[in-house]
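Since the structure comes first, as structure tokens, the remarks are kept for the end.
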Amino acid sequence: MEGEDRVLEAVGLVKRYGTREALSGVSLAASRGELVAVIGPNGAGKTTLLSILAGVQRPDAGSLSRPAGEVGWVPQQAALYGKLTVAENLRLFARLEKVADVEGAVERMLEQTGLADRRDDQVATLSGGNRQRVNIAVGLLAEPEVLLLDEPSAALDPRQRERLWRFILDRARAGTAVIYSTHDVAEAERYAHRLLVLADGELLFSGSPAELEAACGAGGLDFEGAFVEFLRRRGH
Amino acid sequence: MRWLLLKDLRILRRSPLLAALLVIYPIAIALLIGFAVSRGPDRPRVAILNELPASARTLSLGGEDVDVARYTRRLFEAVDPVTVRTRAEALDKVRSGDVLAALIVPPDVTRKLETGLEPATVQVLYNAEDPVKARYVQDTIKAQVQDASNALTRKLTQVALGYLKLISSGGRVSLLGRDVDVLGLERAERIVRAARRELPRASASRERLDRVERFAALARDNLSLSDDVLASVASPIRVDRKVIHGGATPLSSFAVPVALTFSLMFVTVLLAAGALALEREENAFPRLVRGLVPRSGLLAEKVGLAAICALVLALVMLAALSAFVDLGWGRFPLWIAAIALGALGFAAMGAAIGGLAREVRAASLLGVMLSLPVAFLALVPSGAVSGGAYDAIRVVSAAFPFRPTLSALDAALNRSGPIGPPLLHLAVLTLAFGAIARLSLVRFAR
Ligand SMILES: Nc1ncnc2c1ncn2[C@@H]1O[C@H](COP(=O)(O)OP(=O)(O)O)[C@@H](O)[C@H]1O
Ligand SMILES: [Mg+2]
């Protein structure tokens, strides 16, 4: 199944900042409807990896299976114009993405994100949760097959988080491959089919949550504790 | 790109405080500068060459000696006089900017004043490279020479009136050391009348004497009008002005390009820098450059945005200024060329600042901090600092759009010189700053 449904594949990605290697030969793949979580401590290289997949940065080595412009990308910080309304932001990016039916795409995203009643509010006046929903909506305007989300839940309270994940799971169920980063291990365990563990730019593990649990040897500790122990054993 | 431009205009419209500041601030600055520029420095240095021989330093008018120095003292109070010995030295000092002007009093001044047959002429050489300075010197010297001239006129009039009174009424006068009794028309008339009475009624001489008497009466009556006639006698001293080099734009019209250039600079630099930095501050930059808009396209959009706004503002300012200053609307296409290229130069500079600063507030601060000194440097007159420092200032000024924009606008508005070179200069600066801005965007995404 994996071979046929594969929508994104990256091989041997390397990124250097000066002499420092932020990514050292990371490979990954994602299939239709798959939820892939990239976990790792701060500074592990998660943002670097996602922005290379998104085409914001170019890798120093390695290859991508599809042009980066074809994937949807949701940066960690909402990339929106505060002085424009929700609808104006969506319309602007739909036009820049050269979406065929601009108004249709805007209405669809307003409806899916449940922000139809806030459409004429300036983004600067929205709560963090709503701003993040608009941010994600912009990433989905062109109906991409792959959606990249960089720490999408980091700034949200538990209720907003809950709503966010319902929304993302809906997208995955509809066939979108979702790759997201998080440093919250429990979240990754709950909402991912596959986990990639990244530390100091190195890919330490790739597999299902259950497989990671087994590799960590949870032995009485909770999953997060086991994960920290796992990193420690691997020298991080 | 069109959508980005519309987006930026919409954001600008929704930031009324910023938009108002961008309009009011430059206009206020422009007015202040116009005001400051129309006031000259205190006591300008003026070289004085006195070619009068020592023997000719007093005037002999109507037997009275007048000390020329009395009339020049007033001038020396208004300027900081530098005595020079030769014409060449005077010319040198003006050319090098050591003095703002040179006043030359030729040797024949006293002789011409004494004979009163032709006006005495003093010469003023000044460096008109900078209209602010030139106008000031011109005004100061003109006013002082006018004062001296008026005083001499009064003196001459007094002397002439004395002579006329003598002719009219007669009296004693000292001539060549001897006391002479002048008859005068009045007494002449009386003598003629008495002589006439002694002649026989039918005598032909009686009628001839009648004519002499009528002439004397007529002359006396008309001489009493001479007060007014003499008062309107032309100034005895004439000022012969000579520009050493540089264009000569009168100050009031020079203030217009200065004010315009300042406004252009502020609006354009701040808008381009702010709009570019905003893309990063709102984190939109990475989203835009991953295939949606090329980096150069984004730069072009920001430069275009700033230039369009600046063009509109400049035209509004010109329309408003035309109420106070006489502007030659016939050269409108040249104005547009000067404003447009100036705006492009400033916008490219603003984009470079916005690219380096990456944050709206930092970009604005950097924009102001960089623009103001450059503008003031460009306005430093040549005589104000030493030659070496002035050369350094010229080099720095040439690296920024202020000076060429000012030259282009001055050329377009006041025909102060050819407009081609400053326009070309601006085109080069636009490309150079555009390249810097483009380089600054390479690492902009993070
Ligand atoms: N533009 C950059 N210049 C230099 N170093 C960078 C740059 N971006 C990221 N890094 C470094 O690369 C490493 C990975 O960063 P990042 O991908 O942001 O980590 P994460 O998202 O997992 O926290 C960090 O050590 C970070 O300091
Ligand atoms: Mg990160």
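The values are calculated or read from the model by the stated rules, or taken from the named source; none is laboratory data. Computed from a predicted structure; not experimentally measured. When we count neighbours, we look across all protein chains shown, and the Cβ atoms used for this are built from the backbone with ideal geometry, even at glycine. Accessible surface areas use protein heavy atoms only, side chains included; no ligands, DNA or RNA. Shrake-Rupley method; radii C 1.70, N 1.55, O 1.52, S 1.80 Å.
Numbers below:
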item	result
Nearest-10 value in Å² for the accessible area of B:PHE215, using the 1.4 Å probe	130
Intensity falloff of the stretch A:1-110 expressed as log10 I(q)/I(0), Debye formula with alpha-carbon point scatterers, at q = 0.11, 0.21 Å⁻¹	-0.47, -1.17
Relative contact order computed over chain A (Cα-Cα under 8 Å; 6+ residues apart), in percent	27
Restraint check, B:LYS7/B:LYS302; A:LYS46/A:LYS98; B:LYS112/B:LYS165, Cα-Cα greater than 18 Å	A:LYS46/A:LYS98; B:LYS112/B:LYS165
A:TYR180, B:TYR390, reordered so the largest accessible area comes first (probe 1.4 Å)	B:TYR390, A:TYR180
Alpha-carbon Rg with Dmax, taken over the stretch A:85-228, Å	17.5, 54
Pair B:ASN150, A:ARG108: separation of 7 Å Cα→Cβ label points (nm)	8.6
Long-range amide H partners of B:VAL82 with built H, under 5 Å	B:VAL46, B:ALA47, B:ILE48
Total accessible area lost when A and B pair, probe 1.4 Å, Å² to nearest 100	2300
Projected label distance in nm at B:ARG443 and B:LEU5, using a 7 Å step from Cα toward the beta-carbon	3.2
5 angstrom amide H check on A:ALA199, placed H, neighbours 5+ away	A:LEU204
Candidate lysines - alpha carbon under 22 Å from B:LYS93, same-chain residues fewer than 8 apart omitted	B:LYS133, B:LYS142, B:LYS242
Test item: B:9-16 mean partner chain Cβ contacts at 10 Å	3
Contour excess over end-to-end distance, with Cα ends at B:LEU166 and B:SER205 and 0.36 nm allotted per residue	11.2 nm
Positive minus negative residues near A:GLY82 (Lys, Arg vs Asp, Glu; Cβ under 13 Å)	0
From phi via Karplus (6.51, -1.76, 1.60), per-residue ³J(HN,Hα) for the stretch A:6-15 in Hz, x at Gly/Pro	5, 10, 8, 9, 10, 10, x, 6, 10, 9
Area of A:THR182 that stays accessible when all protein chains are in place (1.4 Å probe, Å², to 10)	10
Förster-model FRET efficiency, 60 Å R0, B:ALA217 and B:LEU424, C-beta, rounded to 0.05	0.15
Residue-averaged 222 nm ellipticity for chain A, from DSSP H runs of 4+ at -39500 (n - 2.57), nearest 500	-11000 deg cm²/dmol
Backbone HN-Hα couplings from phi across the stretch B:302-310 [Karplus 6.51/-1.76/1.60, Hz, Gly and Pro as x]	5, 5, x, 4, 5, 5, 5, 4, 5
Summed side-chain charge close to A:LYS46 - residues other than A:LYS46 whose Cβ falls under 13 Å, Lys, Arg +1, Asp, Glu -1	-4
Heavy-atom SASA rank of A:ARG20, B:ARG45, B:ARG331 (probe 1.4 Å, accessible area, largest first)	A:ARG20, B:ARG45, B:ARG331
Relative contact order of the stretch A:80-144, pairs being alpha-carbon contacts under 8 Å that are 6 or more residues apart, as %	48
Shielding by partners - mean other protein chain Cβ count within 10 Å, residues of B:289-297	3
Evaluated over the stretch A:80-144, the Cα radius of gyration and Dmax, each in Å	10.4, 30
B:LEU315-B:ARG111 FRET efficiency (beta carbon distance; Förster radius 51 Å; 0.05 resolution)	0.30
Separation in nanometres of the label points that stand 7 Å from Cα toward Cβ, at A:GLU211 and B:THR83	10.3
Long-range HN-HN contacts of A:GLN76 with modeled amide H, under 5 Å	A:ASP150
Vicinal HN-Hα couplings computed from phi for the stretch B:88-97 (Karplus, 6.51 cos²θ - 1.76 cosθ + 1.60; Hz; Gly/Pro x)	4, 5, 4, 4, 4, 5, 5, 5, 6, x
Carbon + sulfur, % of accessible area of the stretch A:1-137 - ligands and nucleic acids excluded, 1.4 Å	45
